[in-house]
Amino acid sequence: MRHRMIKLRCFFMAITAMYGSFFLLPAKASCLPLENSGVPPLSQPVEKNYQGISVQTSDLDDGVTGVVGKVYINASPRNVWAAITDYNNQKNFVPKLIDSGLISDNGSEQVMFEKGRTGVMFFKKTVFIKLSLRGDYLQHLSFRQVEGDFKVYEGDWLLERAVDGKGTLLTFKAKIKPDFFAPAMFVRKVQESDLPMVLDAMKKRAESAEMTLRLARASNTKQATNSSDICPVAD
């Protein structure tokens, strides 16, 4: 019991350190206007950038958190699609993912699972989720939870050709509500921390595949050129 009280005390100390005295104010104080505070209201989206990766979070109705993340990837949509659908290997290149894999594929719907670590500060948890996925090849992939640790977990991966005509703009959009106690501000904080790592992992995976393909093509072109330079010798 004493050990549990110590953990709870540390937990609330961490909350206070991160969010100041918000939890110590009287109930009516949380309704004060924020016009001069510089802090956006919870209903207003908050956007942050992480080395070229943008993440925007917002509070939606019924305790649902909205999140949108975008990243430019110097690779074709084909290689980006290969990265986001490589369910059996995502555990090997996506941070905090413990296990993942494809469960079934009937041609129009896929079912996959993920198990990973999530949280910030003292708020840590291992979560499991089973997703149903449908989409249009090289354009978008929709997902929704069919089993797992969330009341709401649904969204889309969107792929668009970048304006430079070379790369791909990858967008992740989701609505999230855990099926366990987690204040909305923590859910937003977790998304702002974890999603950039996921997008960066997809970027590195796709760009690595693109580079391998380009090197292979360059090598084949060089071999073909060298072969054409060899003239037959007359007897």
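The values are calculated or read from the model by the stated rules, or taken from the named source; none is laboratory data. As the structure is a computational prediction, the values presented were derived from the model and not from experiment. FYI the Cβ positions are ideal-geometry reconstructions off the backbone, even for glycines, and counts take in every protein chain you see.
Just a few scattered comments:
- For segment 129-173, a residue qualifies if it is under 30 Å from residue 183 (Cβ atoms), of a type in the set (Lys, Arg) and in contact with a helix residue (DSSP H, G or I) (Cβ under 9 Å, 6 or more places away or on another chain), and exactly one does: 151.
- Test result for residue 79, modelled with pLDDT of 95 or more and part of a helix (DSSP H, G or I): yes
- Hits in segment 54-76 - residues which are among the hydroxyl-bearing types (Ser, Thr, Tyr), over 13 Å from the mean Cα position of the chain (by Cα) and either over 17 Å from residue 182 (Cβ atoms) or part of a helix (DSSP H, G or I) (or both): 72, 76
- Only one of the numbered conditions (1) in a strand (DSSP E or B); (2) closer than 15 Å to residue 129 by Cβ; (3) of a type in the set (A, V, I, L, M) is violated by residue 158, and that is (2).
- Qualifying positions in segment 86-129 - more than 15 Å from residue 147 (Cβ to Cβ), modelled with pLDDT of 95 or more, of a type in the set (S, T, N, Q) and buried (at least 17 other Cβ atoms within 10 Å of the Cβ): 90
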